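The values are calculated or read from the model by the stated rules, or taken from the named source; none is laboratory data. Keep in mind the model is a prediction, meaning the values are calculated, not measured. Note: ideal-geometry Cβ built from the backbone for every residue, glycine included; neighbour counts use all protein chains shown. When the accessible area is computed, the model is the full protein with side chains, heavy atoms only, and any ligands, DNA or RNA have been set aside. Shrake-Rupley method; radii C 1.70, N 1.55, O 1.52, S 1.80 Å.
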Number of protein chains: 2
Amino acid sequence: MEKISKARIKWIRSLQQKKVREQEGVFVVEGEKMVLEGLASKLHTLVALLVHKDEVAIIPQEFRDVALSADTTEMEQLSGLKTPNKLLAVFKRPSLQSTYSSFELALDSVQDPGNMGTILRLADWFGINRIVCSKETVDCYNPKVVQASMGAIFRIQVVYTDLLGYLPDAKRPVYGALLNGENYRTVSYKPDGILLMGNEGNGISEQLIPLITQAVTIPRFGAAESLNVATATAILLAEVRKDD
Amino acid sequence: MEKISKARIKWIRSLQQKKVREQEGVFVVEGEKMVLEGLASKLHTLVALLVHKDEVAIIPQEFRDVALSADTTEMEQLSGLKTPNKLLAVFKRPSLQSTYSSFELALDSVQDPGNMGTILRLADWFGINRIVCSKETVDCYNPKVVQASMGAIFRIQVVYTDLLGYLPDAKRPVYGALLNGENYRTVSYKPDGILLMGNEGNGISEQLIPLITQAVTIPRFGAAESLNVATATAILLAEVRKDD
C-alpha cells in the first residue's frame, strides 16, 4: 500500500472548507462504520481512501490497491475531528440525472442541519432515493450532517440545483406543502410525483408556487402556529407510501 | 406597583438551578411575547411577575396589582439570559389530574430537548392537551425548552409521573410504538387512548411493554435503522386525528 504524499494531505485538509468541497464536488467521511458503509453502497464514486498504517486489515480486499496509508500524525492532520479515526474517505457528490422518475423529495431553502439530517433519515425509512435541493438549502455534505445521517447519505442521492428550472423541466406532478391546499389525505399521489417542502420560516418561495400542480395541507386541530418542516415531511411521506 | 425585594431576587435567581425549580414545582419564562402568552392562557397559576420599571404599561391591567417592578441591574440579576428581557414570570407546574380522559401522549425517557420541543409543537398542532412523562424524560420546564416551544407549553399540560403506576391505573387503551406491532393505519384509535412513545435509543422500557394494549408500527420501505421519535410521533398523531 502506498504512503500518502504531502500534496495529498494538503488537498484533503483543504476540503475542510465548504467552498473547496463544493468546487471539487466531493465530500469527506470519517470513521470505520461510515467509511465501510460508503464503500459498500457504491452510490458515490470513491476519490480517496486513507487508512492508519496499523489498521490496513479493516479495508475490504477490493479497495486495498487504491487506499493510501498514513501514520498517526498524518491522520491527525487529515481529520476534521478532535480524535481522528482509523479511516477517512473522500467521495464524489452525485450529479442530477434526468432519467430519474421515482417519487422524490424537493427542498426549497431548508436551513437547519438538524432538519436536513432528520429528513435524510425519513427519506431513507420511506424508500425515497433522491432529494433535489435548491442551491440555498443547507449543505447535506457538510461533515456534521454526513455523520448525523446514520448512513442515509449513502443510500440517497442528494443533488443541488435551481428548482425554478428543474421543476417545470421534470414535467411531473409537484405536490407542494402549503397552508391553503387540499387535505393531504384526500390527494392521490402519482408514483412519479415530487413532494416540495419549503423553508422553516417562510415556506415555499413565491416564484416556485406557480410550479405546484397540487397544493397539500395537513389540517390543524390545535393552536400551534406551524409544524416543523421535518415533521410535516414525515406525515406527508407516510401518506404517499400508504398503498405501497 | 411594589418594588422587588432582595429576598425575592434571591429566590428567583435560585430557580436557575433545575433541582430548585423542581422542588418548588415552578418554571420561569422570559420575554414579552412568551410571558404575555402565559398570562393569557391561564393554564398555569402565576407565582411571580417581574417587570422593568420603565415598561409597566405592557402588563395587562388585571395583573398590575401582583406584578413587581425592578430596575435594569435587578432585571440582569434575575435573568438567565445574556440580554435580560422587560418581563419575567414564574408559573406553577401543572399536577396530574386523574379525571382527564381525552386522547393523550405518554413519553418514556425521551432524552433530547430538541425532540421534546418538536413533540410539544406537534401535540399543539394536533390538539393534544396533555403529555404524561416518565420521571426520566427530559425536563420540558427547562428554560431552553420553554422558549423553544413557541407557546405550546402554555396550551399543553406536561406532567411527570411514574408510568408504571399511571398506565394501569388509567384503565384506558395504551397504543405503544414498537417495531413488531400492527400496521398503524389499520388500528382504530379510541378517543380516550394513550399513545406511548419510547426513548431515542432503547424504545419503550421492558417493564412498560406488558401495559401496552395495542402495539403499533410504522412500516419501513427503505433501509433506515430507525425513525426519530418526534418524527414517529408526528406520523402516529396525524393518523389518530384522521377522522376528527
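At-a-glance table
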{"item": "Checklist (1) free of Cβ contacts under 8 Å to residues at least 24 places away in the same chain; (2) open to solvent by 30 Å² or more (accessible area, probe 1.4 Å) applied to B:Thr231, failing item", "result": "(2)"}
{"item": "Residues within segment A:130-153 that are under 16 Å from B:Ala223 (Cα atoms), at pLDDT below 95 and either at the interface with chain B (Cβ under 10 Å from one of its Cβ atoms) or not in a helix (DSSP H, G or I) (or both), tallied", "result": "4"}
{"item": "Single match in A:Val56, A:Val29 (criterion: under 17 Å from the mean Cα position of the chain (by Cα) and either among the charged types (D, E, K, R) or modelled with pLDDT under 95 (or both))", "result": "A:Val29"}
{"item": "Qualifying positions in segment B:74-91 - modelled with pLDDT of 95 or more and open to solvent by 50 Å² or more (accessible area, probe 1.4 Å)", "result": "none"}
{"item": "Selected residue (criterion: nearest to the other protein chains (Cβ to nearest Cβ)) from residues of segment A:118-129 that are open to solvent by less than 10 Å² (accessible area, probe 1.4 Å) and over 9 Å from B:Ala224 (Cα atoms)", "result": "A:Ile128"}
{"item": "Residue identified as over 20 Å from A:Ile119 (Cβ atoms) and either surrounded by fewer than 19 Cβ atoms within 10 Å (Cβ to Cβ) or of a type outside the set (S, T, N, Q) (or both) among A:Glu239, A:Glu200, A:Glu206", "result": "A:Glu206"}
{"item": "Criterion: farther than 21 Å from A:Leu122 by Cα and of a type outside the set (Lys, Arg) - qualifying residue of A:Glu206, A:Glu200", "result": "A:Glu206"}
{"item": "Selection status of B:Lys19, open to solvent by 80 Å² or more (accessible area, probe 1.4 Å) and modelled with pLDDT of 95 or more", "result": "no"}
{"item": "Failed item, numbered, when B:Arg185 is tested on (1) open to solvent by 20 Å² or more (accessible area, probe 1.4 Å); (2) in a loop (DSSP other than H, G, I, E, B); (3) more than 8 Å from chain A (Cβ to nearest Cβ); (4) modelled with pLDDT of 95 or more", "result": "(3)"}
{"item": "Segment A:39-73, subset of a type in the set (Gly, Ala, Ser) and more than 13 Å from A:Asn85 (Cβ to Cβ), residue surrounded by the fewest Cβ atoms within 10 Å (Cβ to Cβ)", "result": "A:Ala57"}
{"item": "Hits in segment A:227-244 (condition: in a loop (DSSP other than H, G, I, E, B), within 8 Å of chain B (Cβ to nearest Cβ) and over 14 Å from B:Arg220 (Cβ atoms))", "result": "A:Leu227, A:Asn228"}
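Yes or no, residue by residue, for (1) crowded, with 23+ Cβ neighbours inside 10 Å; (2) of a type in the set (S, T, N, Q):
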residue: B:Ser102; (1), (2): no, yes
residue: B:Val138; (1), (2): no, no
residue: B:Val146; (1), (2): yes, no
residue: B:Ala177; (1), (2): yes, no
residue: B:Lys190; (1), (2): no, no
